[in-house]
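Engineer: First the structure, which I've put down as structure tokens, then a few questions once you've had a look.
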Amino acid sequence: MISARSAYATLVTNADYAMGAVALVRSLKLTGTRADIVVMHTRGVERSALEPLSALGAHLMEAELLPTSAAFNERHQRARLHANAPFTKGNKPTFHTPLDNFVKLRLWQLTGYDRIVFIDADAIVIRNIDRLFEYPEFSAAPNVYESLADFRRLNSGVFVARPSQRTFEAMLERLDREDAFWPRTDQTFLQTFFPDWHGLPVFFNMLQYVWFNLPKLWDWSSIAVIHYQYEKPWEKDHSKAQQLKPLIDLWQTYYEGRDIPDAVGLDNPLNSG
Ligand code: UDP
Ligand code: MN
């Protein structure tokens with residue numbers, strides 16, 4: 001059994017990611033989990049964007065940007081980061097602010113919980129993953145969406161963590177050293193901070209580009225989490241919307257709270273498309 005001191009957590013710093021979190025929280029509820037669901041949010045997020053989340057039973061927790069230096073913030077500012085470490089495989093939506101990603105690290109401050117499974121707001125959980133609460137810190141799946149080389153890096157959209165104020169402070173100290181630049185923000189940082197990270201199967205964090213780049217890896221009966229990295233399923237007509245249509249439709253179904261097609265993941269209900 002999962003302990004009462006386990007929680008899922010996500011992060012929302014604007015109304016767009018709050019939409020993502022609505023689909024995520026709905027999807028988690030449908031897995032039958034009894035763990036708490038925590039939505040960390042910055043102060044600026046509109047009340048109206050957060051209300052649907054509390055209505056679904058999520059616990060809202062305010063979390064501010066980290067107290068990083070002005071120079072650090074400048075180096076990780078969107079235009080600067082995109083210029084110095086360009087994204088060549090896909091596009092980040094305009095509402096994505098790289099600096100906001102680092103707020104994820106605040107989950108180590110949620111010491112009322114023993115274990116946290118963090119999930120990006122742009123993901124949905126299509127089958128129960130409560131067993132991750134038994135996994136050690138730091139567990140994450142590889143950043144696989146194109147080739148074998150992807151296995152060298154983790155993806156920080158899903159991970160298992162153990163809150164600890166000490167760890168949080170050690171992270172802050174490591175994060176903002178002179179000239180520190182983390183090209184993929186929290187993801188690069190976490191991989192550096194936890195060099196011996198434990199690898200989860202890719203099915204715990206199936207990246208949407210696998211759908212068209214590595215279709216042989218797409219096994220509905222094994223996938224637990226679908227993660228819409230790069231373009232978001234709620235963006236209107238993004239550049240890969242045609243290619244990803246079945247996955248976007250599935251996300252919309254969760255977002256709107258409609259019935260999930262029979263046996264998602266058991267029988268692929270979408271493969272006729
Ligand atoms: N996030 C946010 N606001 C931002 C950027 C990121 O709330 O401006 C949060 C949100 O939970 C998001 C996660 O940080 O899912 C990581 O960003 P994203 O998922 O866009 O990155 P990707 O998965 O495309 O690399
Ligand atoms: Mn993401």
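Engineer: With n ≥ 4 as the cut-off for DSSP H runs, can you work out [θ] at 222 nm for the chain, using -39500 (n - 2.57) per run divided by the number of residues, rounded to the nearest 500?
Structural biologist: Taken over the chain, the calculation gives -8000 deg cm²/dmol.
Engineer: Using the 10 angstrom Cβ neighbour count as an exposure proxy, how do 153, 258 rank, fewest first?
Structural biologist: Least crowded to most crowded, the residues run 258, 153.
Engineer: What dipole magnitude, in Debye to the nearest 20, does the chain give about its Cα centre under +1 on Lys/Arg Cβ and -1 on Asp/Glu Cβ?
Structural biologist: Here the chain has a charge dipole of around 180 debye.
Engineer: Taking 0.36 nm per residue of sequence separation and subtracting the Cα-Cα distance, how much length would be gained by fully extending the chain between residue 181 and residue 46, in nm to one decimal?
Structural biologist: Net length gain for the segment: 45.5 nm.
Engineer: Could you list the trypsin sites (Lys or Arg not before Pro) in the range 31-66 that lie in coil according to DSSP, counting only those with at most 13 other Cβ atoms within 10 Å of their Cβ?
Structural biologist: Passing sites in the range 31-66 are 34, 43.
Engineer: Would you work out the charge dipole size for the range 215-265 about its Cα centre, treating the Cβ of every Lys and Arg as +1 and the Cβ of every Asp and Glu as -1, and quote it to the nearest 20 debye?
Structural biologist: 180
Engineer: Something else: How far apart, in nm, are the 7 Å Cα→Cβ label points at residue 188 and residue 243?
Structural biologist: The two pseudo-label positions are separated by 2.4 nm.
Engineer: So who's got an amide H within less than 5 Å of the one on residue 60, skipping anything under 5 residues away but keeping other chains? H placed 1.01 Å off N, in plane.
Structural biologist: Correct list: 39.
Engineer: Using DSSP to call loops (not H, G, I, E or B), can you name the GluC sites (Glu not before Pro) in the range 34-64 whose Cβ has at most 15 other Cβ atoms within 10 angstrom?
Structural biologist: In loop regions of the range 34-64 (DSSP not H, G, I, E or B), the sparsely surrounded GluC sites (Glu not before Pro) are 46, 64.
Engineer: Now a separate question. Based only on other Cβ atoms within 10 Å, what is the fewest-to-most ordering of 122, 237?
Structural biologist: Final ranking by Cβ density, sparse to dense: 237, 122.
Engineer: Right, here's the next one. In the chain, how many lysine pairs have Cα atoms under 15 Å apart, counting only pairs 8 or more places apart or on different chains?
Structural biologist: Qualifying lysine pairs in the chain: 8.
Quick note: the coordinates plus some simple rules give every number you see, no bench work behind them. Predicted model only: the values in this text are computed from it and were never measured. In this analysis, Cβ positions are derived from the backbone assuming ideal geometry, glycine residues included, and neighbour counts consider all displayed protein chains.
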